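Only the coordinates and a few stated rules stand behind these numbers; no lab work does. None of the values given here were measured: they were computed from a predicted structure. Cβ coordinates were reconstructed from backbone atoms using ideal geometry, including for glycine residues, and neighbour counts include every protein chain displayed.
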Amino acid sequence: MRIEPTREDLIELTGSWTGERSADGRPRVPDGVLERLAHATTEQAWSVLLEEGFERQFAGGWRETHPGTILVGRAVTSQFLPHRPDFDEAVVAAGAREGHLAGDRQNSWIIEKLQVGDVMVTDIFGKVKEGTVVGDNLGTAVAARTRAGAVIHGGIRDYQGLIGLEGVNIFFRDVDPTPIRNVTLAGINVPIRIGEATVLPGDVVLGTPSGVIFVPPHLAEKVARASEDIHVRDVFGKLRLSQRVYTSAEIDVPRWADHIEDDFQRWKREQE
């Protein structure tokens, strides 16, 4: 039994990705692509994923520590289950073999894995009371290690301290003053469920005011490229609508008529 899959297991699990990988085996989408994705909207990403057959990658209904701050990074996944004594004993023993101290809280095991550009993505089955994965101390550690944030399908505590952190955003379900307890860590960097989405380690996490969407690594560049094109088209379309050159019925369609597309291409060249 292992808490975290081997590098070989992670490579097999995420075989659609053929690029660079982190030391643990997770796909490592380039920083430049992450920076471009920070300007994408949820809807732009969703449309590309839908076209590619990934229909269940979005989860909504969140609270945020820093509303309006876009969250982008590579997923380090983790899952908790309700406490069961014999299972917990097996996890503690496996954790010790992998270098985790038995006296440490199991949520801290996850934080030890985080690097700059990562996002901690934790499924604790929506538990809020006694499901508070981070407070201000562990939240500070997440911020320092990732410079990005976290997505927690469960609770947090010390909300007042967490909102004082800078340059990060934590998406969560609700707040409770209780500490985390009566749960057991089932795995790190394993497939998990967040809302209706299946999340794999190394997925690109994009958190916006709309919610959180999990982009498969091999589609990250396509999402970035498409979002940039959609943004430019939106600027052009709104310009022509404001000028009353075209009607909303002509602009708000999946594919523009040839004369509008030609107009867009001419306008685009003029902006270069």
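Tabulated data for the structure shown
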{"read-out": "Over segment 153-219: Kirkwood hydrodynamic radius from C-alpha pairwise inverse distances, Å", "value": "14.2"}
{"read-out": "Length-normalised contact order for segment 1-81 - Cα pairs under 8 Å, 6+ apart - percent", "value": "22"}
{"read-out": "Unit Cα scatterers, Debye sum, segment 222-271: log10 I(q)/I(0) for q = 0.25, 0.29 Å⁻¹", "value": "-1.03, -1.27"}
{"read-out": "Projected area averaged over orientations for segment 115-272, convex hull of C-alpha atoms, nm²", "value": "12.7"}
{"read-out": "The chain: most fluctuating residue of 207, 164, 135 per GNM, C-alpha cutoff 10 Å", "value": "164"}
{"read-out": "Fluctuation leader among 189, 137, 169 - the chain, Gaussian network, Cα springs under 10 angstrom", "value": "137"}
{"read-out": "Quotient of C-alpha Rg and 2.2 N^0.38 Å, computed over the chain", "value": "1.13"}
{"read-out": "Selected from 37, 14, 110, residue furthest toward positive end of dipole (segment 1-121; charges at beta carbon)", "value": "110"}
{"read-out": "Amide proton proximity set for residue 134, modelled H, under 5 Å, gap of 5+", "value": "157"}
{"read-out": "Mean separation of Cα contacts under 8 Å (6+ apart) over length of the chain, as relative contact order %", "value": "27"}
{"read-out": "Stokes-Einstein diffusion coefficient of segment 130-187, Kirkwood radius over Cα pairs, 37 °C, 0.692 mPa s, in µm²/s", "value": "287"}
{"read-out": "Gap separating the Cα centres of segment 89-114 and segment 231-272, nearest whole Å", "value": "55"}
{"read-out": "14 Å beta-carbon shell around residue 157, net charge (K/R +1, D/E -1)", "value": "+1"}
{"read-out": "Cα-Cα separations in segment 76-179 greater than 22 Å, expressed as whole percent", "value": "28"}
{"read-out": "When segment 181-221 is reduced to its Cα atoms, the Kirkwood hydrodynamic radius in Å", "value": "11.8"}
{"read-out": "Gyration tensor over alpha-carbon atoms, segment 178-247, equivalent ellipsoid semi-axes in Å", "value": "40, 16, 8"}
